[in-house]
Amino acid sequence: MIVLDKRPQPSRAWSMATPVVAVLATMLFGGLLFAALGKNPVEAIRTIFWDPLFGEFAFYYRPQLLVKGAPLVLIAIGLSLGFRAGIWNIGAEGQYIIGALMGAGVGLALYPLEAWYVFPLMVIGGALGGWVWAMIPAVLKVRFGTNEILVSLMLVYVAEQLLASMSLGLMKNPEGFGFPGSRNLQQYESAYNAELIAGSGMHWGVVAALIAVIFAYVLLNRHMLGFHIRLTGEAPRAAKFAGVRPARLILFCLGASGALAGLAGLFEVSGPAGVVSIDFNVGYGFTAIIVAFLGRLHPVGILLAGGLMALTYIGGEIAQSNLGLPAAAIQVFQGMLLFFLLALDLLTNYRVRAAWSEVA
Amino acid sequence: MDLSAINPVLLVASLMVAATPILLAGIGELVVEKSGVLNLGVEGMMITGAICGFAVTVETGSPALGFVAAAVGGALLSLLFAVLTQVALANQVASGLALTLFGLGLSALMGQGYVGIKPPSTPKLDIPVLSDLPVVGRILFGHDLVLYLGIALVAAVWATLKYTRAGLILRAVGENHDAAHALGYKVIRIRTLAILFGGACAGLGGAYISLVRVPQWTEGMTAGVGWIALALVVFASWKPWRVLLGAYLFGGVTVVQLNLQAAGVAIPVEYLAMSPYLVTILVLVILSADKSRAPASLGRSFHAAH
């Protein structure tokens, strides 16, 4: 008989170790999955985790790591604030889309004006867009007690329809020969979120992600609001006695995560993507949920987890073209990672021991 | 714009078809939540059921086997959730999300060879005289068996919860798991069974989309229906018959907006397509004021200290 004893406090050692063990377990079971699909598991795992960093064409893939990792980290940092307090923003994908639409909208409205303030205005527009979209579930929750999980998620589908409408209608490139999609912001110098150092993949989104990590770290460890967030998540009753105002917390957590997701969308649309198109969103908002948990809802952990997740995206693409591994296999792989992580968390909160005696 | 092209009889009949996936998934989730478990993985279980049912129907040519496979597939996936939340005591919200993300990936992987295939059609009930009745025949007696199964399930769940010992135990576990445990009921086992039932129902609902409603397989084809089903349970205040009412309401919105699209109303297609999601939010707002009906232990992990 196996017995679980609740630890008086979560084990710090296991808390650090579980992500690593989860990644190893996922590699093992992912390998089995790839083998079942008729691929050489060792080669597939090496292609995903090794080649983008140290392979023959690593010079091309390494910058991609920053490009893919930045939106993931940026969104996950925002989500982690809410998750810590038990406020579940699941609709980051929608906030990401609306941020991109608002930001790109500002840029497209000002076209062809060339001025230094165009890009900053777009950044503000992007953050504002995401913030507004996240404020809908926030205000509804505060005012009516509506479930923020369901509302934020429903708004993803609304945002996707809005994106389709915009790229086919209002924001369509007037010189695009009738093709769907907006003007390419990469060709509009004042609006282009170009690489800061050529060939490095380092654009403003990466800088913003790093700032967000530092900001979140300071907030959670050195600031009263951060303390309230942690307190609400760990001991809701104590938080009530300490005078935490839940409404303020909900508005802040959802607002901040929305604004960060909006920023991620803006940096993507004005940089790597370039155009507002129907298939602009690729699920960063959902993958960021995995990143947030894999990073233990800790800013530094999220930075590392974002890098790892970006690696599986890039490695997955390489495996897709080189080994013919289906794109969906990587999605399964990422889902598996979250499963193992959640399951192994048992070891953080409980002590597992074998009990031979019948006396309980 | 030509609204006269919309046939009210066909509208009601297709409303019932559109409502059935939501109804099946919703009634399953209602049982799960009544046992005190919040499974946010409905979308993932539905899409897995959709591909399991589709694949088996195409391979065997039998929709009946397909629906069985869909229920089994959904239940198997929900077993993962049960292990995570009941054995490993993981956070239910996070585990449900993981289930959805995993299910979306898994279904896309399984469905690779099935894109663009037309499945064998599911036979419709054809009772000689009744099905030929004007208006009523088409609405009441002209559907496939799964649609009636959905309605029968609502009645069965209602009766079980209200009148049977099993229903009472399920509710006890959902209201206060410590008290139920003290009375000697196996909380973990009962919850696991409820989760499996929910998974099977969601799987059926998913297969209904891929085999009857659309019928075709495309990646991510459930498009949020699983989440609407979750909202439906809140809307229904955890009452079975209200799930039926709610499902028909959402089915109605879906069908009406599709008909308006076809009739060429001057509203852009995208804005019409948003309407089911917006209506869901609206309904949630109106009904969220009353939370008293929610099972008291909803979403809380149970760990027997001794």
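The values are calculated or read from the model by the stated rules, or taken from the named source; none is laboratory data. Quick caveat: nothing in here was measured; it's all calculated off a predicted structure. Here the Cβ positions follow ideal geometry from the backbone for every residue, glycine too, while neighbour counts run over all protein chains shown. These accessible areas exclude ligands, DNA and RNA; they are computed on the full protein's heavy atoms, side chains included. Shrake-Rupley method; radii C 1.70, N 1.55, O 1.52, S 1.80 Å.
Here are a few things to note about the model shown:
- All distinct Cα pairs of the stretch A:64-209 go into the 1/r average, and the inverse of that average, the Kirkwood radius, is 16.5 Å.
- For the stretch A:38-325, convex hull of alpha carbons as volume per residue, Å³: 149
- With a cut-off of 14 Å between beta carbons, the residues surrounding residue A:77 carry a summed charge of +2, where Lys and Arg count +1 and Asp and Glu -1.
- Using a Gaussian network model of chain A in which every pair of alpha carbons under 10 angstrom is joined by a spring, one finds that among A:270, A:165, A:182 the greatest mean-square fluctuation is at A:165.
- Per residue value of the accessible surface for the protein assembly as shown (all protein chains in place, 1.4 Å probe), Å²: 42
- Within chain A, helices built from complete DSSP H runs that reach 18 Å or longer along their own axis (Cα positions) and carry a mean Kyte-Doolittle hydropathy of 1.6 or higher are A:204-222, A:327-344.
- Oblate is the label for the stretch A:1-101. Its Cα gyration tensor axes, ordered a ≥ b ≥ c, give a/c of at least 1.5 and b/c at or above a/b.
- Hydrodynamic radius by Kirkwood, which averages 1/r over all alpha carbon pairs of the protein assembly as shown, in angstrom: 25.9
- When every Cα-Cα distance of the stretch B:48-118 is counted in 10 angstrom steps from zero, the calculated P(r) takes the values 21, 43, 25, 10, 0 percent.
- Accessible-area value, residue A:166, 1.4 Å probe, nucleic acids and ligands omitted, Å²: 30
- Split the accessible area of the protein assembly as shown by element, probe 1.4 Å, and carbon with sulfur accounts for 67%.
- Cα gyration tensor shape for the stretch A:8-58, rounded if a/c is under 1.5, else prolate or oblate: oblate
- Taking amide H positions as modeled 1.01 Å from N, with prolines and chain starts lacking one, the residues under 5 Å from residue B:144 and 5 or more places away or on another chain are B:125.
- Formal net charge of residues neighbouring residue A:201 (Cβ-Cβ distance under 14 Å; K, R +1; D, E -1): 0
- Under the span-like rule (Cα at least 20 Å along the axis, Kyte-Doolittle mean at least 1.0), DSSP H helices of chain B: B:8-34, B:42-60, B:63-82, B:92-110, B:145-163, B:187-208, B:269-287
- Buried accessible surface for the B/A pair, both sides summed and rounded to the nearest 100, is 3700 Å² with a 1.4 Å probe.
- Label-point separation, residue B:293 to residue A:278 (7 Å along Cα→Cβ), nm: 3.9
- Positive dipole terminus of the stretch A:38-325, leading residue within A:213, A:229, A:156 (C-beta point charges): A:229
- When only the Cβ of Lys, Arg, Asp and Glu is charged (+1, +1, -1, -1), the dipole of chain A relative to its Cα centre reaches about 1440 debye.
- Using C-alpha pairs under 8 Å with a sequence gap of at least 6, the mean separation divided by the residue count of chain B gives a relative contact order of 37 percent.
- Net charge in the neighbourhood of residue A:59 (other residues with Cβ under 15 Å of its Cβ; Lys, Arg +1, Asp, Glu -1) is -2.
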